[in-house]
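Right, one structure below, let's go through it.
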Amino acid sequence: MFESLARTNTSGARILVIGGTQFVGRLLVETLLKQKNDVTILHRKQAHPFKKKIGNIVADRNDPEQIKKVLAREKFDIVFDNVYDWERGTTAAQVEHTIKTMEGNFSKYIFMSSVAAYGDGLNHHEADALAPDDHPDAYVRNKAMSERMLFRMYYRYHVPVITLRPPFIYGPGNNYYREAFFWDRLRAGRPLILPGDGRRLMQFVHVADLILACQKVLEHPQAIGNAFNVANSRPLTQEEVVHALASATGKKPQVIRVPRRQIALAGGHPMGPQLYFGYYFDIAPITMVTNKAQRMLKLKPRDFATGLKETYRWYLRNAVKRKRIDYSFEDSLLEIAQAV
């Protein structure tokens with residue numbers, strides 16, 4: 001029913017990108033276009049930023065009837081499933097419905113998962129167990145359940161799936177308030193708050209290296225049926241991250257430690273609105289081992305400091321003028337730190 005692409009050169013392939021107008025998806029589409037592929041995106045808006053260069057399928061991928069209507073008769077060489085609905089979640093059942101609707105009319109299905117699929121813990125290999133179905137975090141639960149469903153379909157029905165598990169993605173075009181959070185404050189001469197002792201681990205991958213991994217799994221003849229951890233090999237402490245972000249600007253940071261308990265009591269939350277350390281940056285650490293991607297895909301992600309300097313140049317050129325930033329919550333945390 002399913003057959004792998006006979007060629008390893010994907011130039012000229014007909015490719016569907018589910019999502020494709022934000023950060024990772026946008027760079028993926030631009031890269032595929034440069035390689036002379038026939039690219040179509042599926043998203044909810046009537047228009048996209050690529051003008052007439054690519055096809056546009058309008059549908060809510062979480063709506064089974066809409067997906068059936070627009071995809072039942074479509075055939076693609078490759079499908080990139082690259083979108084997650086942060087407001088409603090995107091479940092394993094919705095991903096499965098997309099695959100079943102296409103009835104084998106593709107040769108590779110690449111699913112963008114996340115390090116979050118592991119749930120928690122350090123030094124995960126791809127064969128490690130994923131988070132349980134009853135995990136309290138919906139994003140973690142949906143990514144883990146989607147991957148389990150995909151690999152069941154691979155083993156039972158030979159559906160040609162590949163999954164990628166990136167950690168924090170950074171780089172030019174980031175639409176999450178992460179790198180820019182720190183750079184806004186450094187340029188304003190503000191101190192940076194470091195939660196707790198600053199030793200919590202974080203792991204990163206540059207968006208261009210993630211797109212390179214997308215290309216490499218298309219070209220590798222044995223990629224089907226595999227998951228890949230895609231990241232810089234060495235996790236960093238939060239303190240190291242803050243200093244790396246500051247180094248990219250050429251400024252010396254003033255770092256103030258604030259106990260997490262005090263941050264929580266004051267109403268701080270890693271996803272805002274009372275943000276203190278970059279959007280979603282202060283969460284329990286999950287790290288992974290990247291040997292498989294290095295070995296099979298020959299993937300060598302760029303140095304974090306180098307990637308940040310490139311990203312900072314983009315930030316200076318493209319960062320929109322923000323509304324006046326309200327620092328009152330951070331000021332209250334700094335007062336707490338001085339009183340401790």
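Please give the charge dipole size of the chain, origin at the Cα centre, charges +1 on K and R Cβ atoms and -1 on D and E Cβ atoms. Round to the nearest 20 debye. Before the final figure, lay out the partial values.
Numbers: 49 positive and 34 negative charges, 241 e Å.
For the chain, the charge dipole is close to 1160 debye.
For 183, 86, what ranking results if the residue with the fewest other Cβ atoms within 10 Å of its Cβ goes first? The partial results should precede the final answer.
Working: 183 21, 86 10.
Placing the least packed residue first, the sequence is 86, 183.
Placing pseudo-labels 7 Å out from each Cα toward the beta carbon at residue 187 and residue 70 gives an inter-label distance of 3.5 nm.
Taking packing as the residue-averaged number of other Cβ atoms within 10 angstrom, the listed peptides 95-101, 226-232, 158-164 run from highest to lowest as 226-232, 158-164, 95-101. Here the stretch 116-255 is assigned +1 on the Cβ of each Lys and Arg and -1 on the Cβ of each Asp and Glu. Its dipole about the Cα centre then comes out at about 340 debye. Putting +1 on Lys and Arg Cβ atoms and -1 on Asp and Glu Cβ atoms, find which of 98, 79, 224 reaches farthest to the positive end of the dipole of the chain. Sorting the options by dipole projection puts first 79. Can you list the lysines whose alpha carbon sits under 26 Å from that of residue 100, skipping same-chain ones fewer than 8 residues off? Reachable lysines: 45, 68, 69, 75, 108, 143, 216.
Which trypsin sites (Lys or Arg not before Pro) in the stretch 154-204 sit in a loop by DSSP (not H, G, I, E or B) and have at most 11 other Cβ atoms within 10 Å of their own Cβ? Write down the numbers at each step before the final one.
Numbers: sites: 156, 178, 185, 187, 199, 200; in loops: 178, 199, 200.
Sites meeting the loop and neighbour criteria: 199.
Distance between the 7 Å Cα→Cβ label points at residue 60 and residue 294: 4.5 nm. Here the relative contact order of the chain, from alpha carbon pairs under 8 Å that lie six or more residues apart, stands at 17 percent.
Annotation for the stretch 300-340: trypsin sites (Lys or Arg not before Pro) lying in DSSP loop with at most 10 further Cβ atoms inside 10 Å of their Cβ are 321, 322, 323, 324.
Compute the FRET efficiency between residue 331 and residue 134 as 1/(1 + (r/R0)^6), taking r as their Cβ-Cβ distance and R0 = 45 Å, and round to the nearest 0.05. Present the calculation step by step, with values, prior to reporting the outcome.
Values: r = 40 Å, r/R0 = 0.89.
Between residue 331 and residue 134 the formula returns 0.65.
Summarising the strand pairing of the stretch 126-282, around 15 percent of its internal DSSP beta bridges are antiparallel. FRET efficiency for residue 85 and residue 274, Cβ-Cβ distance as r, R0 = 30 Å, nearest 0.05? FRET efficiency, residue 85 to residue 274: 0.80.
The calculated P(r) of the chain, using every Cα pair and 10 Å bins from 0, goes 5, 24, 33, 24, 11, 3, 0 in percent. Overall, the stretch 294-340 carries a charge dipole of about 660 debye about its Cα centre when +1 sits on the Cβ of Lys and Arg and -1 on the Cβ of Asp and Glu, all other atoms neutral. Excluding residues fewer than 8 places away in the same chain, name every one of the aspartates and glutamates whose C-alpha is closer than 19 Å to that of residue 292. Answer for residue 292, where 19 Å is the Cα cut-off: 126, 128, 147, 209, 219, 303, listed by chain and number. The alpha carbon centroids of the stretch 11-34 and the stretch 204-261 are separated by 21 Å. Within the listed set 245, 308, 316, the residue fluctuating most in the Gaussian network model of the chain (springs between alpha-carbon atoms under 10 angstrom) is 316. Within the stretch 17-68, the trypsin sites (Lys or Arg not before Pro) that combine a DSSP coil assignment with at most 14 other C-beta atoms in a 10 angstrom radius are 36, 45, 51, 52, 53. Label sites at residue 255 and residue 35, each approximated as a point 7 angstrom past Cα along Cα to Cβ, lie 3.9 nm apart.
Please check which bits of the stretch 268-284 a label hung off residue 314 would reach, taking the label as a point 7 Å along Cα-to-C-beta and the cut-off as backbone N under 17 Å. So the set is 279.
Here, each number is a calculation from the coordinates, and none is a lab measurement. It should be emphasised that the depicted structure is a prediction, and the values quoted were computed from it without experimental measurement. Ideal geometry is used to build each Cβ from the backbone, glycine not excepted, and the neighbour counts take in all protein chains shown.
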